Amino acid sequence: MLAASILQRETLKFTNVPIIQDVLCMVGILESVGCYCRWDGHSLSIDASGEIYGEIPRKDVGKMRSSILLMGALLGRTGRAVTWQPGGCSIGSRPVDLHLLAFSRLGAVVSEDEEGKIEASAKELTGSTVYFPFPSVGATENALLAAVLARGKTVIEGAAREPEIISLCQLLRRMGADICGEGSSRIEVSGVEQLFGTVFDVPGDRIAAGTYLAAVAGAGGHVRILKGPWEFMQEEIRVFRQIGAEVEPICSKTGEVCGIELWMEKRPKAIALSTGPYPGFPTDLQSPMLAVLSRAEGISQVKEEVFEARFKTAGQLQKMGAQIEVSGNCARIFGQERLLGARVQAMDLRGGAALTAAALAACGETVIGDCIHIERGYEDICRDIRLLHGEICWVQKK
């Protein structure tokens, strides 16, 4: 959605913006290509009325992989987008070939040199059919960003169905785009001549909500997640109920669902779980669930179907007494009554969150290193856990 701000020549205002490292990094990149960004609490205004430059600085690409999403927006706005291969990822292979495929299908000339510099250019983008053999969220988003100002009609087949795609389409439609079909595997976009500024409220994040639900499911207790996206978390809710949690929607006086409530009184039950693209169980919650199932009664099995290196956190959980056996893309978890505090390292964003959940369910003190990973996706995880009466604090390096 931040990348989409480049497509309008006025001011786009977001409310309910999480102040996390990934957002701050993207704002910095937007400013580097010519946008003027202004914060007001949790509101963020992006003025893109000036000249926009089509090249993303190489130093910024290395800070976050999702900077690749600016390519589609830059192509739509300037007809030219230059970036660099974002490099490896700690959770597995994340190639950008599907992104470049979408640009070429829309008429862009795409090239890459030996140093990893990627350039896409087009005098005019033209609507076409874009087929994805795998429902890539990022590639679907880039295809949408490039297609909204293209001439003619674009059909995206094999599109990702994630709620984040739906939110992006809702924003683009609010800006004047002609889009239908989001939430299905086929999205149709009829190009328009221009988009406009608007005000858009960022919806609650399902992965952050799922992380706090997992923390309570592992440690026991009660949590109310206000603005938790109940509608888009049905698979997660099913899994939490399966392990023994009581989960219900929070409703307003008018009957509108406005959050999620979870109670957990006993140890979790062992289950078999597989990750997958939406509406399957999200890979981003696999690590937190690994922590939860480390305390389950019985033997659980988790199969990772999205990223091949998502089990790096298993080794850190083992330092806390978890009994986990990893073989390929499968993990067997032999549940323990209680985990033990230890010194561990956050290997990635969701792995760090998983260690936080495990620490709350462990006896003794746990110290988690490399917490910069956690800051990428959670505004203040310590503040939120303390609201649930968890004993947690940041430790500054001396």
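The values are calculated or read from the model by the stated rules, or taken from the named source; none is laboratory data. This is a predicted model, so every value here is computed, not measured. No Cβ is skipped: glycine too gets one built from the backbone with ideal geometry, and neighbour counts run over all protein chains shown.
Do we have any residue at all in region 125-138 that's out of contact with any strand residue (DSSP E or B) (no Cβ under 9 Å at 6 or more places or on another chain), of a type outside the set (A, V, I, L, M) and within 25 Å of Ile56 (Cα to Cα)?
Applying the first criterion (out of contact with any strand residue (DSSP E or B) (no Cβ under 9 Å at 6 or more places or on another chain)) to region 125-138 yields 133-138.
Filter again for of a type outside the set (A, V, I, L, M), leaving 133-136, 138.
Now narrow it down to the ones that are within 25 Å of Ile56 (Cα to Cα): 136, 138.
Yes: one or more hits.
Among the residues of region 136-187, which ones are on the phi > 0 side of the Ramachandran plot and in contact with a Phe, Trp or Tyr (Cβ under 7 Å, 6 or more places away or on another chain)?
First, pick out the residues of region 136-187 that are on the phi > 0 side of the Ramachandran plot: 152, 158, 176, 181, 183.
Across region 136-187, the qualifying residues are Gly158, Gly176.
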For this session: Kindly check whether there is at least one residue in region 98-106 that is within 22 Å of the chain's Cα centre (by Cα) and of a type in the set (Lys, Arg).
Result: no
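Just name the residue that is surrounded by the most Cβ atoms within 10 Å (Cβ to Cβ) out of those in region 41-66 that are of a type in the set (Ser, Thr, Tyr) and modelled with pLDDT of 85 or more.
Step one: list which residues in region 41-66 are of a type in the set (Ser, Thr, Tyr), which gives 43, 45, 49, 53, 66.
Going one step further and asking which of them are modelled with pLDDT of 85 or more, we end up with 43, 45, 49, 53.
Numbers: Ser43: 15, Ser45: 17, Ser49: 13, Tyr53: 14.
Only one residue tops the list, namely Ser45.
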Exercise. Is it true that Arg105 is surrounded by 16 or more Cβ atoms within 10 Å (Cβ to Cβ), of a type in the set (Lys, Arg) and touching a residue at least 12 places away in the same chain (Cβ under 8 Å)?
Worked result: yes
For this session: Please list, ordered by first then second residue, the pairs with beta carbon atoms under 8 Å, 6 or more apart or interchain, first in region 145-169 and in contact (Cβ under 8 Å) with a residue 40 or more places away in the chain and closer than 19 Å to Gly107 by Cβ, second assigned to a loop (DSSP other than H, G, I, E, B) and of a type in the set (D, E, K, R).
Result: Leu149/Glu193; Ala150/Glu124; Arg151/Glu124
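Please work out if Arg38 is of a type in the set (Lys, Arg), exposed (fewer than 15 other Cβ atoms within 10 Å of the Cβ) and out of contact with any Pro (no Cβ under 7 Å at 6 or more places or on another chain). Quick ask: steps written out before the conclusion?
On the way: of a type in the set (Lys, Arg): yes; exposed (fewer than 15 other Cβ atoms within 10 Å of the Cβ): yes; out of contact with any Pro (no Cβ under 7 Å at 6 or more places or on another chain): yes.
Yes, satisfied.
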Problem set entry | Condition broken by Val247, with the remaining ones in (1) out of contact with any Lys or Arg (no Cβ under 6 Å at 6 or more places or on another chain); (2) surrounded by 15 or more Cβ atoms within 10 Å (Cβ to Cβ) satisfied | (1)
Seminar exercise, completed: Checking Arg267, Arg295 in turn, the sole residue that is in a loop (DSSP other than H, G, I, E, B) and crowded, with 22+ Cβ neighbours inside 10 Å turns out to be Arg295
Problem set entry | Enumeration of residues in region 221-280 that are of a type in the set (Ser, Thr, Tyr) and either without any contact (Cβ under 8 Å) to a residue 60 or more places away in the chain or not assigned by TED's automatic domain parsing to the domain that holds Ile333 (or both) | Ser252, Thr254, Ser274, Thr275
Seminar exercise, completed: Considering residues that are surrounded by fewer than 20 Cβ atoms within 10 Å (Cβ to Cβ) and in contact with a Cys (Cβ under 7 Å, 6 or more places away or on another chain), the number found within region 162-214 is 1
For this session: Would you check if Tyr212 is touching a helix residue (DSSP H, G or I) at 6+ places or on another chain (Cβ under 8 Å), in a loop (DSSP other than H, G, I, E, B) and among the aromatic types (Phe, Trp, Tyr)?
Result: no
For this session: Please determine, by comparing only the residues of region 301-340 that are among the charged types (D, E, K, R) and in a strand (DSSP E or B), which one is nearest to Ala219 (Cα to Cα).
Result: Arg332
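Mind telling me which of the residues Lys227, Lys269 ends up being at pLDDT below 95 and among the charged types (D, E, K, R)? Explain how you work it out, then say what you get.
Details: Lys269 fails: at pLDDT below 95.
The conditions single out Lys227.
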Exercise. When region 354-398 is examined, which residues are found to be in contact with an Asp or Glu (Cβ under 9 Å, 6 or more places away or on another chain), within 25 Å of Leu24 (Cα to Cα) and of a type in the set (Gly, Ala, Ser)?
Worked result: Gly377
Seminar exercise, completed: Over region 2-16, the set of residues assigned to a loop (DSSP other than H, G, I, E, B) and surrounded by 20 or more Cβ atoms within 10 Å (Cβ to Cβ) is Leu2
For this session: Mind listing just one residue for me: the one in region 341-363 that is out of contact with any Gly (no Cβ under 6 Å at 6 or more places or on another chain) and assigned to a loop (DSSP other than H, G, I, E, B) and, of those, farthest from Met64 (Cα to Cα)?
Result: Ala342
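What number of residues within region 271-283 are surrounded by 17 or more Cβ atoms within 10 Å (Cβ to Cβ) and in contact with a strand residue (DSSP E or B) (Cβ under 9 Å, 6 or more places away or on another chain)? Can you show your working first?
Narrowing region 271-283 to residues surrounded by 17 or more Cβ atoms within 10 Å (Cβ to Cβ): 271, 273, 275, 277-278, 281-283.
Subset that is in contact with a strand residue (DSSP E or B) (Cβ under 9 Å, 6 or more places away or on another chain): 271, 273, 275, 281-283.
Count: 6.
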Exercise. If the Cβ limit is 7 Å and pairs must be 6+ apart or interchain, which residue in region 3-20 that is within 13 Å of Ala146 (Cα to Cα) pairs with which residue that is crowded, with 22+ Cβ neighbours inside 10 Å and basic (Lys, Arg)?
Worked result: Ile6/Arg77; Leu7/Arg77
For this session: Among the residues of region 344-369, write down those that are of a type outside the set (A, V, I, L, M, F, W, C) and either within 17 Å of Gln323 (Cα to Cα) or in contact (Cβ under 8 Å) with a residue 60 or more places away in the chain (or both).
Result: Asp348, Arg350, Gly351, Thr356
